[in-house]
Amino acid sequence: MKKLQMLCVNLKKFGLTNSLRIIGSTFLIIGYFMMLNVNVLWGVSIRLVANGICLPWAIKNEVWDFVILLGFFMTIEFHKFLQLVANS
């Protein structure tokens, strides 16, 4: 429990958008693992949300190539999500 509190304190030091970027990046890795090894639908869903979580940081810091890349990945993931939902 104490380590979780320390993590929350450290995330507060970074600010909201940087904290979201760290959390989003972690979820991107988890989603990729889930997509390859567990369940494609869950993996794509996690990655879609994770990309959305990383987006505010990229917009705030005006990293427009990254914003475009995230939008591209989100479009592909949303398309795959719709395919999986329609086929189930």
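Derivation of every value follows stated rules applied to the coordinates shown; laboratory data play no part. Small disclaimer: the values here were computed from a predicted structure and weren't measured. Cβ placement follows ideal geometry from the backbone for every residue including glycine, while neighbour counts extend to all protein chains displayed.
How much length is gained on full extension from residue 16 to residue 39, taking 0.36 nm per residue of separation minus their Cα-Cα distance?
Length gained, residue 16 through residue 39: 5.2 nm.
To the nearest 0.05, how large is the calculated FRET efficiency for residue 30 and residue 61 if R₀ is 30 Å and r is the Cβ-Cβ distance?
E between residue 30 and residue 61, to the nearest 0.05, is 0.80.
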